[in-house]
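Scroll down for the structure; my scribbles are underneath it.
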Amino acid sequence: MKKLIRFFKAFFLVDIAVGLGVTLKRYFRRKITISYPEKQQVLPERFKGMIRLYKDEAGVPLCIACKACQRACPSNCFDIEGERNPETKKLHPVKFDWKLDRCSFCSLCVEACPTDAIRFSKEFRMSTVCKPALRFTLPEMYLEGDDLQRRLKGGPGA
Ligand code: SF4
Ligand code: SF4
């Protein structure tokens, strides 16, 4: 009897019809995927993209080379050195090396920073086939958008 049922199911393509039915049902439902990169998803406010350094509204770098981020980082991602301006006596970084390939996005550096200089950006495109491109220097910590993508693909500075 089982053999007979299997024969009729195969003969009348029942399994294919069932599969097509599922496809048709899904086809008319609201889509939960988007056509990236033509359409971009709106990322949540607290999204943890690539870490970068920021400047204030006047374009002055916020980093004061206090090394709090370096001390807080459990993955040893940072190598920072600062210098004091002889006139203003303010510290500023002269070396700020950061290793994306070591970062676990734990956010301890962001929380430790007293000036909000280091923050998570909305940049989620961090793939590369060029390993040296995962090591960033001070000027590269300010890159974003297409400049950052060129840098990650092994462009200038890689
Ligand atoms: S997010 Fe965590 S692992 Fe990454 S650099 Fe900051 S402290 Fe280090
Ligand atoms: S990024 Fe913030 S915590 Fe790190 S050295 Fe600069 S000011 Fe200090």
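Quick note: the coordinates plus some simple rules give every number you see, no bench work behind them. None of these values were measured; they are calculated from a predicted model. Don't worry about glycine lacking a Cβ; one is built from the backbone with ideal geometry, like all the others, and counts go over all protein chains shown.
The table below gives the values:
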{"quantity": "Restricting the stretch 10-76 to chymotrypsin sites (Phe, Trp or Tyr not before Pro) in coil, as DSSP defines it, with at most 14 other Cβ within 10 Å", "calculated": "F12, F28, F47"}
{"quantity": "Per DSSP, loop trypsin sites (Lys or Arg not before Pro) in the stretch 99-143 with at most 14 further Cβ within 10 Å", "calculated": "K122, R125"}
{"quantity": "Taking the C-alpha atoms of the chain, convex hull volume expressed per residue in Å³", "calculated": "210 Å³"}
{"quantity": "Top positive-direction residue, dipole computed over the chain with Cβ charges, set T33, S107, C63", "calculated": "T33"}
{"quantity": "Label zone at C106, where the point sits 7 Å out along the Cα-to-Cβ direction: the stretch 49-65 residues whose backbone N lies under 19 Å", "calculated": "49-52"}
{"quantity": "Per-residue HN-Hα couplings for the stretch 83-97 [Karplus 6.51, -1.76, 1.60; θ = phi - 60°; Hz; x = Gly/Pro]", "calculated": "9, 9, 5, x, 7, 8, 6, 8, 7, 9, x, 10, 9, 8, 8"}
{"quantity": "Highest-MSF residue in the chain out of P44, P61, P139 [GNM, Cα springs under 10 Å]", "calculated": "P44"}
{"quantity": "D79/R46 FRET efficiency (R0 41 Å; Cβ-Cβ; nearest 0.05)", "calculated": "0.90"}
{"quantity": "Net charge dipole size for the chain [Lys, Arg +1 and Asp, Glu -1 on Cβ; Debye, nearest 20]", "calculated": "1400 debye"}
{"quantity": "With Cα atoms, 0 to 90° folded angle of helix 2-11 axis to the chain main axis", "calculated": "70 degrees"}
{"quantity": "Computed [θ] at 222 nm, helices only, for the chain once each DSSP H run of length n ≥ 4 contributes -39500 (n - 2.57)", "calculated": "-7500 deg cm²/dmol"}
